[in-house]
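The structure appears below as structure tokens.
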């Protein structure tokens, strides 16, 4: 057999017994889930890849990112919620018809009907008015 063997290390283990990169390589900061990194590492370790395993992982992550349906938000959770509440404020000024408000909210934010009513309740309570203004979330797109 080549560098892959069955035995104590299991199928896919190299002669050295090392079965992949250290777990510290796979954090949320790298954007690489462990299963993706490990499979690419094993491909590289068995000499079946023409480039380094890190490059394989990077390429797969870039390929996967091209398939997102919506733009990835870089806002904090609080900013995202403030933006959705402000969208409701603007929509409530446009129409009083609840069904039309829901339709516009879902079209604009891609969030659910239930989320609309949760955020609308927050808007009507006035609890987040100052926070939303302070967050500078004037545009509600």
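Read-outs: derived from the displayed coordinates by stated rules, not from any lab. Computed from a prediction, not measured in an experiment: that's the story for all the values here. Glycine also receives a Cβ, built like all others from the backbone with ideal geometry; neighbour counts cover every protein chain displayed.
Using a 10 Å cut-off around each Cβ, can you sort 95, 74, 58 from fewest to most neighbouring Cβ atoms? Placing the least packed residue first, the sequence is 74, 95, 58. Residue order for 111, 62, fewest other beta carbons within 10 angstrom first, comes to 62, 111.
Its residue count N sets the reference 2.2 N^0.38 Å, and the alpha-carbon radius of gyration of segment 77-134 equals 1.02 times that reference.
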